[in-house]
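The values are calculated or read from the model by the stated rules, or taken from the named source; none is laboratory data. Please read all numbers here as calculations on a predicted model, not as lab measurements. Heads up, the Cβs are rebuilt from the backbone with ideal geometry, glycines too, and the neighbour counts pull from every protein chain shown. Ligands, DNA and RNA are excluded from the accessible area calculation, which covers all protein heavy atoms including side chains. Shrake-Rupley method; radii C 1.70, N 1.55, O 1.52, S 1.80 Å.
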Amino acid sequence: MTTEDFDTASETSDLLGGGGGVRQVSSLTAFAAIAVMGIALALVPIWIGDSRTLMGVAVTGLLFACYTIAFNLIFGSTGQLFLAVGAFAGVGAYASAITSDRFGIPFPFTMILATGLAMLVGGVFSWIAVRRSLGIIFTGIVTLTFSLAFDNVLLGLRDITGGETGLVVDAGSDTFLSRQIPPYYVFLSLVLVYLVGYVLLHRSHIGWAFRALRDDEIAAELSGVDIARYRIYAGAIGGGMLGFAGALWAHAEGFISPATFTFVHVDVPVLVMLVFGGIGTLMGPIVGAAVFTYIGEVLASFSQLRLIAEGALLIVLFLLFPQGVVRALRSGASELWRKLRISKP
Amino acid sequence: MTAVILDGILLGLQFGLLGVGLTVVYGMGGVLNLAYGQMAVVAAVVVSLSMSSGLPAGPAVMLGILAAAGIGLALDLTILKPVYRRRGEARVLLSLLLTIGVAFIIDGLLVWRFPIEALSLSIGGEPILVLGVPMRTGSLLASAITILAGGALILFFRSTTIGKAVRSVIQDEVGARLCGVNPSAVRTLILTLSGALAGLVAATQSMTSPVPISAGFDITILALLVTVVGGLGSVRGAFLAGLLLGVVNAMSSFYIGAYITTIILLVAAALTILIRPSGLFGEHA
Amino acid sequence: MLEVSNLSAGYDSKAVVLGVSVDVREGEVVAIIGSNGAGKTTFLRAVCGLLPVSEGEVRYEGRPITNLAVHKIARAGISFVPAERHLFPEMTVAENLALGAFPLRPDPGQQSLVFELFPRLAERRRQAAGTMSGGEQQMLAVGRALMSRPRLLILDEPTTGLAPRLAAQAYESLAALRAQGMTILVAEQQVPIVLSLADRGYVLENGAIQIEGLATELRNNPTVRRAYLGVV
């Protein structure tokens, strides 16, 4: 019945979940929530510490939580649809693995190098998207082509990267990283660091700029907010976060292959996790990662069903809960609180 | 060299048809159907199954095309309804996400039920010489069908009333409605047609080389690249881009290698977006 | 032929047009005049189905068509020429006209009538609509609207972007159509030219009808003269 789109900006942000969840609670609450979650997760090895498989699954879950937090920063805070989450992590992982094994540089340094490289790549993509005024769709397609191209580069440069069969990463295999329990705590710490970083970033002037440009890009630009710069910050920081996590994974796991970082293997689950948890919320990535790692484990023996389940979930989620679980819970909780207050004598 | 270029042109025709199926759906309704490749694979599966139960090639191919068209129809009538309710970027995003979901579901079902690795039709016979190059019967048949389909498509869009109605919705939807065109009926038609095209390409492709069950995503990406290079929404652009990329693909695969070829195609699409987002052959922005 | 009763419509739940009633009888030319932002376009769009009607009713030849889908209204015999024209830029004049007749195939007889009315279009029948000048596009828009043999022709500010000479020509064409029996509803900012053609008119300001009456009455109405005809 209605005609031309008068204002699609509000529609898009409705789909993406406009507004940051971080702004609505005080810093204290945010940090408290992070602390509580951190303590709760720290206790997990008590139950599953004996099983190497389960610990592996848990660490993978934490890794994906890191990925999702980074993607939340890039997509949730600045609306840049980077469909290359896996690729950025892969850049970090392969850069660190190759330079440490080939050139003998101690892996903490190669990780810094790798993170720098991933930051550069992320920043460059943001810069390109801004310079060429690429909308969400084109940004998505361009980053997707990068993701696929990266995959092919890894497969093609067999001599350097090990190709399809993957790369065994020696650096780090003789440290605590290769044991059963410590990687869990290492990655848990990374998750906590990323979350705290996310809060601090959003409290700062950078976070303010993010909100301005999400709410109304034109108004923000007219008020003097340099959109380009803040998008590039988000892209670079997010890219760096992904690169570091990927590199850490390479040294902890001791083995990486192109399949570890593909679009289907990383980007799609991260997307599902973020949407489920709630784009732009603080805890959304954690909730999403936790739930889907658990579901993945339950469905592990039925790998085809997993694909079907992921697909069905994607559809159901985006149709019914575009705002995500965290917001749904929060509005449900505030509804309950309101009702309780009203019914008080 | 001639052989490679000929191969490239034939491949390009298929790429072109594939691209048209995806681009026309985008042009019509601002919808990116990422389950496109899966529709193609389903067609190939249906063809293969019907042939192994004794059906001759012709009817089997028809059945396959119908199956894919049916998926297109089903998609339009169900999943895409909430998508159409949104406008602009929100619509494209939602369509992208929902169709990825559908793609996963179909992929999962296929891989689960059909452990057959790849499907190919065997159309035997001695190779025939075309321009001094020996071509297998299967190849020739596939090319003939593709050329006929391409011609029929062009005729459809240029000359038929419905075809013009489709173009009108792409160019100015409000104008089309004012002329009495029902956009949602046209969209349903186009989505069904898009499925049929995907099915046709998969069926003809399996006449020359096997179509793996897991090829869905790869086919979608290929169609997306052709669409992007040709210009999102441009039918003519998709045809021409398909031909170009087909020739590039053939030459690159022959002279360089498989991975580089894929990378070249990907880079071509990325560069098109960066340099000329309306597409190399696109008619309108 | 067309009865609009108490229509309210707007954007994003903000009413732009409130409680407007307009009648158009067969064979008449009815004008809706008002300044920019008065609500003329909103009103016409709501009548033609392009905007949702929040209150009120629209009846065409006795049948209710309120909030009917645009294409159905178009097929019922009402043709709307919007201010933006909405032509198909990559299609030729001939193709644009052909679509006007949708879902039927274009009638050569009707096409000749259009070409008689607008000889320039005949000259440019193979030219792409997007490459034509403003005046030619206006002609094409009206011509396309005529291809479906409408009984009611609705136009929104047909003189938009037209030089005075072309605007006059446009109204000459409308006069010719009226002579052939067409019923016309036209919204116009340029008051003198439309009142010279119209039988009756409505003055729309701030989303409501302020004055209505015969064209001759409106021409002599002091408020109208002051506000729209620049007469102090």
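Looking only at residues of the range C:194-229 that are among the charged types (D, E, K, R) and at pLDDT below 85, we find that the one that is nearest to C:Arg25 (Cα to Cα) is C:Arg219. Scanning the range A:257-265 for residues that are open to solvent by 20 Å² or more (accessible area, probe 1.4 Å) and in contact with a Cys (Cβ under 9 Å, 6 or more places away or on another chain) turns up nothing. Kindly indicate whether B:Leu193 is among the hydrophobic types (A, V, I, L, M, F, W, C) and either in a strand (DSSP E or B) or within 14 Å of another protein chain (Cβ to nearest Cβ) (or both). No; evaluated as a whole, the condition is false for this residue.
Taking every residue in the range A:69-87 that is of a type in the set (Ser, Thr, Tyr) and pairing it with any residue that is outside any helix (DSSP H, G or I) and open to solvent by less than 10 Å² (accessible area, probe 1.4 Å), at least 6 positions away or on another chain, yields no pair with a Cβ-Cβ distance below 6 Å.
If A:Leu307 passes every condition in (1) more than 22 Å from A:Tyr194 (Cβ to Cβ); (2) in contact (Cβ under 8 Å) with a residue 12 or more places away in the chain; (3) within 13 Å of chain B (Cβ to nearest Cβ); (4) of a type outside the set (Lys, Arg) but one, which one does it miss? Against the list (1) more than 22 Å from A:Tyr194 (Cβ to Cβ); (2) in contact (Cβ under 8 Å) with a residue 12 or more places away in the chain; (3) within 13 Å of chain B (Cβ to nearest Cβ); (4) of a type outside the set (Lys, Arg), A:Leu307 comes up short only on (2). Can you spot a residue in the range A:229-249 that is open to solvent by 10 Å² or more (accessible area, probe 1.4 Å), within 14 Å of another protein chain (Cβ to nearest Cβ) and either small (Gly, Ala, Ser) or under 19 Å from the mean Cα position of the chain (by Cα) (or both)? No: zero hits. Evaluated against (1) within 30 Å of C:Asn6 (Cβ to Cβ); (2) surrounded by 15 or more Cβ atoms within 10 Å (Cβ to Cβ); (3) away from chain B (no Cβ under 14 Å), C:Ile154 falls short on exactly one condition, (3). Listed by position, the helices (runs of 4 or more DSSP H) contained in the range A:203-294 that have at least 2 residues being out of contact with any Ser or Thr (no Cβ under 9 Å at 6 or more places or on another chain), without any contact (Cβ under 8 Å) to a residue 24 or more places away in the chain and not β-branched (Val, Ile, Thr) are A:205-215, A:217-222.
Annotation: C:Ala83 fulfils all but one of (1) more than 8 Å from chain B (Cβ to nearest Cβ); (2) in contact (Cβ under 8 Å) with a residue 24 or more places away in the chain; (3) on the phi > 0 side of the Ramachandran plot; the unmet one is (3).
Within the range B:148-178, the set of residues being surrounded by fewer than 16 Cβ atoms within 10 Å (Cβ to Cβ), among the small types (Gly, Ala, Ser) and either more than 18 Å from the chain's Cα centre (by Cα) or within 11 Å of chain C (Cβ to nearest Cβ) (or both) comprises just one member, B:Ser159.
Checking each residue of the range A:15-24 against the condition of being assigned to a helix (DSSP H, G or I) and either within 14 Å of chain B (Cβ to nearest Cβ) or modelled with pLDDT of 80 or more (or both) gives at least one match.
Within the set C:Arg178, C:Arg219, C:Arg126, C:Arg149, the sole residue that is in contact with a strand residue (DSSP E or B) (Cβ under 8 Å, 6 or more places away or on another chain), over 19 Å from C:Arg85 (Cβ atoms) and open to solvent by 80 Å² or more (accessible area, probe 1.4 Å) turns out to be C:Arg126. Could you check, for the range C:29-44, whether at least one of its residues is buried (at least 18 other Cβ atoms within 10 Å of the Cβ) and within 14 Å of chain B (Cβ to nearest Cβ)? Yes, the range C:29-44 contains a residue that is buried (at least 18 other Cβ atoms within 10 Å of the Cβ) and within 14 Å of chain B (Cβ to nearest Cβ). Taking residues in the range B:195-209 that are closer than 13 Å to B:Leu141 by Cα and open to solvent by less than 10 Å² (accessible area, probe 1.4 Å), and partners anywhere that are in a loop (DSSP other than H, G, I, E, B) and not small (Gly, Ala, Ser), the pairs with Cβ atoms closer than 6 Å and at least 6 places apart or on different chains are B:Ser206/B:Leu121. If you scan the range A:43-55, which residues turn out to be open to solvent by 30 Å² or more (accessible area, probe 1.4 Å) and either in contact (Cβ under 8 Å) with a residue 60 or more places away in the chain or in a helix (DSSP H, G or I) (or both)? If the condition is that a residue be open to solvent by 30 Å² or more (accessible area, probe 1.4 Å) and either in contact (Cβ under 8 Å) with a residue 60 or more places away in the chain or in a helix (DSSP H, G or I) (or both), then A:Val44, A:Ile46, A:Trp47, A:Ile48, A:Arg52, A:Thr53, A:Leu54 are the ones that fit. Residues in the range C:92-103 that are open to solvent by less than 20 Å² (accessible area, probe 1.4 Å) and either part of a helix (DSSP H, G or I) or at the interface with another protein chain (Cβ under 7 Å from one of its Cβ atoms) (or both): C:Val93, C:Asn96, C:Leu97, C:Ala98, C:Leu99, C:Gly100. Take the conditions (1) crowded, with 23+ Cβ neighbours inside 10 Å; (2) within 14 Å of chain B (Cβ to nearest Cβ); (3) under 19 Å from the mean Cα position of the chain (by Cα); A:Thr115 misses just one of them, which is (2). Over 30 Å from A:Leu157 (Cβ atoms) and open to solvent by less than 20 Å² (accessible area, probe 1.4 Å): is that true of A:Ala220 in this structure? Judged against the criteria, A:Ala220 is a match.
Exactly one residue out of A:Ile105, A:Ile98 is of a type in the set (A, V, I, L, M), part of a loop (DSSP other than H, G, I, E, B) and open to solvent by 10 Å² or more (accessible area, probe 1.4 Å), and it is A:Ile105.
Remark: pairs (first residue in the range B:74-101, facing chain A (nearest Cβ under 10 Å); second residue assigned to a helix (DSSP H, G or I) and of a type in the set (Ser, Thr, Tyr); Cβ separation under 6 Å; 6+ apart in sequence or on different chains) = B:Val83/B:Ser95; B:Glu89/A:Thr12; B:Ala90/A:Thr12. Just give me the residues in the range B:226-255 being within 12 Å of another protein chain (Cβ to nearest Cβ), among the aliphatic types (A, V, I, L, M), open to solvent by less than 10 Å² (accessible area, probe 1.4 Å) and within 20 Å of B:Thr99 (Cβ to Cβ), in sequence order. Correct list: B:Val228 only.
Table: residues versus (1) open to solvent by 10 Å² or more (accessible area, probe 1.4 Å); (2) at pLDDT below 90; (3) farther than 20 Å from A:Ala70 by Cα; (4) not small (Gly, Ala, Ser).
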site	(1), (2), (3), (4)
A:Gly163	no, yes, yes, no
A:Gly172	no, yes, yes, no
A:Thr175	yes, yes, yes, yes
A:Ile181	yes, yes, yes, yes
A:Tyr184	no, yes, no, yes
A:Gly207	no, yes, no, no
A:Arg211	yes, yes, no, yes
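In summary, helices (runs of 4 or more DSSP H) completely within the range B:1-109 and bearing 3 or more residues that are under 25 Å from A:Pro269 (Cα atoms) occur at B:36-52, B:80-84. Taken as a whole, the condition of being of a type in the set (D, E, K, R), within 14 Å of chain A (Cβ to nearest Cβ) and either open to solvent by 20 Å² or more (accessible area, probe 1.4 Å) or more than 21 Å from B:Thr99 (Cα to Cα) (or both) applies to B:Arg276.
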